[in-house]
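Only one structure is covered here, and it is reproduced in the block below.
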Amino acid sequence: MSGWLSRWRRQRTLERRAIPDPLWQLTLARFPFLGARSADDLRELREMATLFLAEKEFTGARGLIVSDEMAVAIAAQACLPALKLGLHWLDGFVGIVVHEDAVVARRQHEDEDGVVHDWDEELAGEAMSGGPVMLAWRDVDEAGASAADGYNVVVHEFAHVIDMRGGVTAGLETTDPESDRGLWLNALADEYEAFADAVDAEEETFLDPYGATALEEFFAVSAEAFFVAPRELELELPVVYELLRSFFRQDPARESA
């Protein structure tokens, strides 16, 4: 698509599908970690959320009706990690499935000895390559309160979307350790290993211990805290905060009121 046509379609979408001001203000009030951002950030976020809503398809599971209020709440939080990266980082999928509450998924894993293990896992969200992204509305709805604990299911799942889109945590063994990417990735891996050791030692951590299960989960769990409880993350894990500040090109500990 030519540049002028792309710009024309973008502007037309922003004009015709603009998020109504009362609905946008309600969203900012419900989620203070959004409302605290600068006026420039909020203008960019509102535009990105408008374009996001035009591109994605929301489906309510088991008869759940996804209202405009719900869709805007999800869109604003989903776009936050991509705010300075660009909306194209959220490409590669269309569907967002919203459940009323967490869902139980049956899991299976074969260990090194060939023994198959089955278990049930409760999920508040899940991002799959190519989509869809699944979210539990209960957790989305409570994001304003749960921010104090560094928890945000939307940011978590869309951090995974960004990771899968750009291979953010991939290639640890094959990336040149002296390259900029190699230095960044190895520093993140070192922080992950230290965090996993702390969890294994049953130390109390601000981050959700689930982040100790894999490097990609550590990235997603850290991203949650980075955007909704940045000062707490910076205090406990200053290196992780700096790594995410560099990657996301945002500094929420200072950009928020």
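The values are calculated or read from the model by the stated rules, or taken from the named source; none is laboratory data. The structure presented is a predicted model; accordingly, all values stated were derived computationally and were not measured. When we count neighbours, we look across all protein chains shown, and the Cβ atoms used for this are built from the backbone with ideal geometry, even at glycine.
Restricting Trp137, Trp184 to residues that are surrounded by 18 or more Cβ atoms within 10 Å (Cβ to Cβ) and in contact (Cβ under 8 Å) with a residue 12 or more places away in the chain narrows the list to Trp137.
Restricting the range 9-55 to residues that are assigned to a loop (DSSP other than H, G, I, E, B) and of a type in the set (A, V, I, L, M) leaves a set whose member that is surrounded by the most Cβ atoms within 10 Å (Cβ to Cβ) is Ile19. Restricted to the range 56-65, and to residues there that are touching a strand residue (DSSP E or B) at 6+ places or on another chain (Cβ under 6 Å) and exposed (fewer than 14 other Cβ atoms within 10 Å of the Cβ), the residue that is nearest to Ala145 (Cα to Cα) is Thr59. Listed by position, the helices (runs of 4 or more DSSP H) enclosed by the range 177-257 that each have at least 1 residues that are of a type in the set (Ser, Thr, Tyr) and outside the structural domain of Ser129 (by TED's automatic domain parsing) are 180-200, 215-228, 238-248. For the range 63-84, a residue qualifies if it is closer than 18 Å to Glu126 by Cα and among the charged types (D, E, K, R), but none of them does. Return yes when Thr205 is more than 15 Å from the chain's Cα centre (by Cα), closer than 19 Å to Val240 by Cβ and among the polar types (S, T, N, Q) and no when it is not. Judged against the criteria, Thr205 is a match.
When the range 231-241 is limited to residues that are surrounded by fewer than 24 Cβ atoms within 10 Å (Cβ to Cβ) and in contact with a helix residue (DSSP H, G or I) (Cβ under 8 Å, 6 or more places away or on another chain), the one that is farthest from Ala29 (Cα to Cα) turns out to be Val239.
Here is the figure for the range 56-98: residues that are free of Cβ contacts under 8 Å to residues at least 12 places away in the same chain, over 20 Å from Ala223 (Cα atoms) and in a loop (DSSP other than H, G, I, E, B) total 2.
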